[in-house]
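To start, the structure itself, in C-alpha cells.
The values are calculated or read from the model by the stated rules, or taken from the named source; none is laboratory data. Note that the structure is a prediction, hence the values are computed from the model and not measured. Positions of Cβ are backbone-derived with ideal geometry, glycine not excepted, and every protein chain shown enters the neighbour counts.
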Amino acid sequence: MKKQLSIIICLFFTASNIFAGKPIHKESSPISIVVSESERKSWCEHDGYAFVNGQGNLHYWLYDSYKYHDGEISELLEKIVYKWFQNSLGYFVVEKYEVYSPNNALADSVKNLMKEFNCDVSITFIPEKNGGFASVVFNSYDKDTGIYTTYVYKGTKVDR
C-alpha cells in the first residue's frame, strides 16, 4: 500500500510539473550558449513548455526585459537572437520575416507561461515540417499597451 501511495504521489508531482509549464529536466538554453552568465541574468532567463495547437508542446525560453532593460527588446531581438541563428542553429538562412502586432491569436498557453515567470518575451524554435520552413518565433508583451507582438523568422537550417 505504501509503495502504491508513493507511486501515485510521484505521478501527481510529475503531472503537475508538466501542466505548470515547467520542464521536468533542465535543458541548456541555446541563447545561454552565446551570452555571458551576467547577460543571462540581466535578461532573467527561464524556460518552460506551452502546448500550441498544430505544433504540440513547444519549448520556450523566457525573458524579462523590464527589470534591467526598461522594456527595450532591440538588443535581445537584433543582437542576441541573431548570434543564436549563427552559433546555435548552425547556419539559419532567414527567407521570410513577419510581424504580427497586435497578435490577438497568440495561444493562451504561451501567455500563461509568460505570466507564470513574470516575463514579457518568449522565444521558441519550430522545426521544419513536410519540407516547409523552420521558424523562430519571438513574442513580446508591452506592459504599457497590453499588446502582444509576434516576430516570426522563417528559414532553412543549413549545415556549414
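Just need a number here: residues in segment 131-154 that are modelled with pLDDT under 90 and either among the polar types (S, T, N, Q) or over 21 Å from Val121 (Cα atoms) (or both). Selection size over segment 131-154: 4. In the set (1) surrounded by 11 or more Cβ atoms within 10 Å (Cβ to Cβ); (2) closer than 26 Å to Gly155 by Cβ; (3) at pLDDT below 70, the condition left unmet by Ala107 is number (3).
The number of residues in segment 27-81 that are at pLDDT below 80, part of a loop (DSSP other than H, G, I, E, B) and surrounded by 17 or more Cβ atoms within 10 Å (Cβ to Cβ) comes to 2. When you scan segment 84-102, do you find a residue that is of a type in the set (Ser, Thr, Tyr) and surrounded by 19 or more Cβ atoms within 10 Å (Cβ to Cβ), even just one? Looking through segment 84-102, none of the residues is of a type in the set (Ser, Thr, Tyr) and surrounded by 19 or more Cβ atoms within 10 Å (Cβ to Cβ).
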